[in-house]
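Down below is the structure, laid out as structure tokens.
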Amino acid sequence: MLQHRFIERAKKHPEKIAIKDKAMGRDVSFSQALIASLILARRFKKMERGRIGIMLPTGSGGALAVVGALASGLTPVMINYSTGAAKNCRYAQSQCDFRTIITAKALLERVGCEEVPGMVFMEDIMPNLSQFEKILAFIKSKLPVGLLKRITGSHDLDKPAVILFTSGSEKDPKVVQLTQRNILSNIDSFSDMMDIYEMDHLLAVLPYFHVFGLTINLWTPLCLGMTAIAYANPLDFKIIAKLIKEEKPQLLVGTPLFLEGYARQSQPGDFASVELAVSGADKCPESLRQLYREKHSLEIFEGYGTTETSPVISVNPREENRPGSIGIPIPGTEIRIENIDNGEDCAHGETGKIMVKGDGVMSGYLNDIEESHLRLKSGWYDTGDLGYLDEDGYLWHKGRLKRFVKIGGEMISLVNVEETMNSVTPEDVECCAVELPDAKRGSRIVGVTNKEIDEQEVVKKLSIELPNLALPKKYVIVEEFPYMGSGKTDFRTLTNIVREQEDSPHD
């Protein structure tokens, strides 16, 4: 069990720093983390039965609340505060049948979120602890490991360890329940394959409400006895680049957007401590690899995963990186490519749906039999992504099925259109392709950029690279692209912005 692995580490290395909380200016040792999580476990047990909401930023408070929830036998429900926090709280409460949400006044202030009924603030819990609570937790922390494990949550690996929500970049978020087995198998397989056991410090800036942050930034260091250098806002590029230089993490894991931000704010030599840089959650552009090679002599290892697979499905091995691919399956995970039309297995090099099986795959969406049935068949999870396996078993991502449009009977990849737009526009221009309905053709493609471009020049270059059907029929400017908390573009919101621009009367 995740909390039991943490307990083993805490008993073995009590004085070691578990979390360097840079936003709060606080170092928390493993023994302090153990005592604090035992205090919270006792408190949480009195508040809820079954599930408890957690909406806290990356740092010691958020990590200890998650451990405390599991130690009290509750399932933490992780709530996204990056966009529409209050709405997300109510959505989580209605979907998952709980009331209490552990959060912080400072966070509500920062994100402009109103107070929602059921919220309990960390600022109210911690200063009001009685002497009895502190002494009791201290005594419990001194119990032998076996006994302490017995009183801190279930020993059933198929018990839920967390509830997360899919990003909702395409439609309403789905409720994903991941078990202890799902997350533990993912940590073990990723750690074995990438050989991170000798590493001691990890940069932890990804949000815990995102599976990438929860598994890699919260549970991996706690289970492996590493020090997590935690900072609450992954978009503070300048501060995080400074943290990498000063705190010297050996493991750097992030999304392309974040990794690029840190590199741009750094000087050569600042990332000298980094032994392994892993990119995930979005396609890693060649320009980012180039930036890390030239500035820091670092190779980026790209991986691939989904919320439903805890998250890692595949990653490029350290000794045989194949830039451009999303790697080979982690141990215990199988991948097959399914033909879209007939469901048969695709040959090497043939693009189809990416299907995944293994211990990391969820058992289904919470209270959604229909969606679970659509996405899970005989243990195989349909990722909704397209890709192919090459002859050496490396996986190549070709985009989301939902980000393909059918125009004139042809399947057009919006990702491909975006990448081509990026290659023919200046480096500081961000590009996206969105689909809008079209009465004649069914769909049409609109090119979106964040600043003015020379349209004629771009159209001329694109028509050399792309077939006529794939050329955007119109270009619009959206100065600030909307992003999910994970750093991915929020396509649903962006499409709505473009649609509103089209619908608004022009002067």
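The values are calculated or read from the model by the stated rules, or taken from the named source; none is laboratory data. Predicted, not measured: the structure shown is a model, and the values here were computed from it. A quick note on method: Cβ atoms are made from the backbone with ideal geometry, for glycine too, and the neighbour counts reach across all protein chains shown.
Observations, loosely collected:
- Qualifying residue in the stretch 316-329 (condition: under 29 Å from Leu376 (Cβ atoms), in a strand (DSSP E or B), under 20 Å from the mean Cα position of the chain (by Cα) and modelled with pLDDT of 95 or more): yes
- Of the strands (runs of 3 or more DSSP E) lying entirely inside the stretch 1-66, those containing at least 2 residues that are buried (at least 18 other Cβ atoms within 10 Å of the Cβ) are 17-21, 51-54.
- Lone unmet requirement of (1) part of a loop (DSSP other than H, G, I, E, B); (2) exposed (fewer than 15 other Cβ atoms within 10 Å of the Cβ); (3) not aliphatic (A, V, I, L, M) for Gly485: (2)
- Filtered by the rule that a residue be among the aromatic types (Phe, Trp, Tyr) and closer than 30 Å to Ser363 by Cα, the stretch 260-317 gives Phe301, Tyr304.
- Matching option when the condition is farther than 20 Å from Lys22 by Cα, more than 20 Å from the chain's Cα centre (by Cα) and at pLDDT 95 or above, among Ile102, Ile79: Ile102
- Residues in the stretch 259-272 that are surrounded by fewer than 18 Cβ atoms within 10 Å (Cβ to Cβ) and assigned to a loop (DSSP other than H, G, I, E, B): Gln265, Gln267, Pro268, Gly269, Ala272.
- Candidates Ile183, Ile244, Ile240, filtered to the one that is part of a helix (DSSP H, G or I), in contact (Cβ under 8 Å) with a residue 12 or more places away in the chain, touching a helix residue (DSSP H, G or I) at 6+ places or on another chain (Cβ under 9 Å) and farther than 20 Å from Gly487 by Cβ: Ile183
- Entirely in the stretch 363-441, the strands (runs of 3 or more DSSP E) that have 1 or more residues that are within 26 Å of Leu178 (Cβ to Cβ) and at pLDDT 90 or above: 380-389, 395-400
- Selection from the stretch 410-453 of residues that are more than 31 Å from the chain's Cα centre (by Cα) and within 20 Å of Phe481 (Cβ to Cβ): Glu452, Ile453
- Checking Arg492 against (1) modelled with pLDDT under 90; (2) within 28 Å of the chain's Cα centre (by Cα); (3) in a strand (DSSP E or B), the condition it does not meet: (3)
- Residue that is buried (at least 20 other Cβ atoms within 10 Å of the Cβ), of a type in the set (Phe, Trp, Tyr) and either modelled with pLDDT under 95 or more than 14 Å from the chain's Cα centre (by Cα) (or both), where the choices are Phe237, Phe190, Phe209: Phe190
- Residue-level check: of (1) of a type in the set (Val, Ile, Thr); (2) touching a Phe, Trp or Tyr at 6+ places or on another chain (Cβ under 7 Å); (3) closer than 20 Å to Arg444 by Cβ, Val405 misses just (2).
- Inter-residue pairs, beta-carbon under 6 Å, first more than 18 Å from Glu350 (Cα to Cα) and in the stretch 393-411, second in a strand (DSSP E or B) and among the hydrophobic types (A, V, I, L, M, F, W, C), 6+ apart: Val405/Ile412
- Residue identified as β-branched (Val, Ile, Thr), in contact with a Ser or Thr (Cβ under 9 Å, 6 or more places away or on another chain) and more than 24 Å from Ile337 (Cα to Cα) among Ile453, Ile412, Ile464: Ile453
- Taking the conditions (1) surrounded by fewer than 23 Cβ atoms within 10 Å (Cβ to Cβ); (2) at pLDDT 95 or above in turn, Pro256 satisfies each one other than (2).
- For Val459, the stated conditions do not hold, so it cannot be described as part of a strand (DSSP E or B), in contact with a Phe, Trp or Tyr (Cβ under 9 Å, 6 or more places away or on another chain) and not acidic (Asp, Glu).
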